[in-house]
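Reading through the structure tokens given below for one structure.
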Amino acid sequence: MSIAISGTARAARRPKTRSGLVRFTTEQPLGAIALFLITLFVVVAVLAPWIAPYDPLAQDRVNLLTPPGVGGHPAGTDELGRDVLSRSLYGARTSLLIAVATLALGGAIGLVIGVVSGYFGGTWVDSVLQRIMDALMAIPSIVLLLFVAALLGPSVRNTVIALSLLVIPSINRVARGEMLRIREEPYVEAARSVGCSTPRILLRYGLPNLMAPLFVMGSLLFAVILIAESALSFLGIGTPPPTPSWGRMLSEGRSQLEIAPWMTVVPGLILSVSVLAFNLLGDAMRDFLDPKQRR
Amino acid sequence: MLLYAGRRLTYGLLVLALVATLVFLIIRLIPGDAVRLQLADAPGVTQAQIDQRTAELGLDEPVLTQFGHFVSGLVQGDLGTSFDDERPVTTKILERLPATLELGLLAILFGVLLGVPFGMLSAIRHHSIIDNVMRFLAVIGMSLPNFWLALLLITFLALWFGWSPPLVYVSPTEDLGQNLVHMLLPAIALGAATMASIARMLRSSLLEVLGSNFIRTIRSRGASERVVVLKHAGRSSMIPVFTVLGLQVGHILGGTVILERIFAIPGMGSLIFEAVGQRDYPVILGCVIFYGAIFILVNVVVDLLYAVIDPRIRYEGASA
């Protein structure tokens, strides 16, 4: 009886995947708003060269430090006469590129470590891997970033490598926890009993079943990476100069705080709204995936 | 209880040893030469001089030998001498440590003093307008980068009230009032996220406890709502808050680095930043170890606090 019920439930869920978005929107309105903002962020980042009103590096010598709306600059200009809005839009591009690359690199490494560690949970493999992860987590993120980024030198590639070190332990923890649960599931036991190899069990039965909590983590980590990348650029060791980035715009704005607050407010606001959107989406996905949270 | 504390402490030391090893290896594996960087600006530097300086700093020895020196120094509390000014690293760090600790503690204080009442209020009046506003503010508080918040505070206080934070750091022993005025803005900027996380976590854990059976029993015996929330539910709902606090210490320590830069506070953050610029390996290494040690120590303390609050944890820990 119970098998029949779960069977129909599963059968009923399949065709519903398309309406999943609709269900998510109605159950998690804040999450839907966040999803909209994120889509906007991605569109802006990808289309920046076409929608930005000016070249982000072009210097309008007549309009230095003009306030928003003056001289045809919707968000004002900085001390070199560069358009703040265009630079902010291009900054989204830099941030998105770095965040996606970081999540891909750090996520892949963290996932492998977590899945292997979880599957061999309780053995020496697990202990060794987890102690290394504990050590990585014990160093405050900015200190770790500062350390690695400064040793490698400022470049987009090195920023990605440094930021990955933040992603690896978090993804590892989620993946390991899920894998510890999954390895006790009957379907894993069945796979093992028919002679599937360990890599096959991990890839075919482990990975697909731990993706949901990873999406939640991924969204929250996206927010963390956006802030961390800006923090690095703010300190002058992240994205190197000609590329527009929010963090460096903030540090440039710092010297003009009282004369040109828009240099600080505009990129910071866009950064904060993006971070907020990823945090809200992560929360909403967690509540959506966890029936216990529905109150 | 003692046994449990001992186990936690041993584990913390193990992780700290791993941190030291990892950082040491990363520094030596990454290309970049401290000596060339130091002597690069000086005109007429010969290869012989570079070699001599390298030998003086012990950088010509094999990595494993260097690691041996480092470990034997470390257990004696000696982190070596700075490449920059030849002073002991431990001394340099201890000079800078108080400012960082003060900033961090003020930020935590700010976060706890506001976060706990906000979280409680949110849980008691849950699904009310106050609750919704607070939850929204909490998510925003968690999303604002602390350095941006700091810049905004500086800008708008200056534009609207004509007040700017003092530019020169004064140590608390010199003039406590002046020092606190300087620390106020960075502490608020740093503590905002902590406040938001505590409020969020306390709200959800308090709601869960308030819905449990033992609270219903206490209520049915006629306890006032104040006694229920403050005495009975409050204690049980504090555990997740301590977890959050332990995790927040990492963010706060990291945050001090960037806020010390903005507000010109001579703490460990400024020190590691300067050291990174000069490739002063012993200082970088020392700072990272100190940051790791503070983080691990706080988390061991948090673990012990769990055991104080919830006796089940200490028996489980001692018997295992």
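Just so you know, all these numbers are worked out from the coordinates, no wet-lab data involved. This structure is a prediction, so every number in the text was calculated from the model and none was measured. Don't worry about glycine lacking a Cβ; one is built from the backbone with ideal geometry, like all the others, and counts go over all protein chains shown.
Fewest neighbouring Cβ atoms within 10 Å first, the residues A:M179, B:M120 line up as B:M120, A:M179. Loop-resident trypsin sites (Lys or Arg not before Pro) (DSSP state other than H, G, I, E or B) in the range B:204-311 with no more than 10 further Cβ atoms inside 10 Å of their Cβ: B:R221.
Neighbour counts of other Cβ atoms within 10 Å put B:S212, B:S143 in the fewest-to-most order B:S212, B:S143. The longest stretch of chain B left intact once loop-based GluC sites (Glu not before Pro) with at most 13 other Cβ atoms within 10 Å are removed from consideration, loops following DSSP, is B:175-320. For chain A, the relative contact order comes to 23 percent (Cα pairs under 8 Å, sequence separation of at least 6). Between A:D126, A:D83, A:D134, the Gaussian network model of chain A with springs among Cα atoms under 10 angstrom shows the greatest mean-square fluctuation at A:D134.
Counting only Cβ charges, +1 for Lys and Arg and -1 for Asp and Glu, the dipole size of chain B around its Cα centre is about 2000 debye. What helices does chain B have that are whole DSSP H segments, at least 20 Å long along their own axis by Cα, and with mean Kyte-Doolittle hydropathy of 1.0 or more? Qualifying helices: B:2-29, B:89-124, B:129-143, B:146-161, B:176-210, B:234-263, B:281-309.
Dipole magnitude of the range B:64-187 about its Cα centre, charges +1 at Lys/Arg Cβ and -1 at Asp/Glu Cβ only, in debye to the nearest 20? Approximately 560 debye in magnitude. Of the residues B:G68, B:G191, B:G12, which exhibits the maximal mean-square fluctuation in a Gaussian network model of chain B defined by a 10 Å Cα contact cut-off? Residue with maximal mean-square fluctuation among B:G68, B:G191, B:G12: B:G68.
Once the Cα atoms are used to define both axes, helix A:211-234 deviates from the longest principal axis of chain A by about 30 degrees.
For chain A, modelled as a GNM whose springs connect Cα atoms under 10 angstrom apart, the maximal fluctuation among A:R183, A:R204, A:R87 occurs at A:R204.
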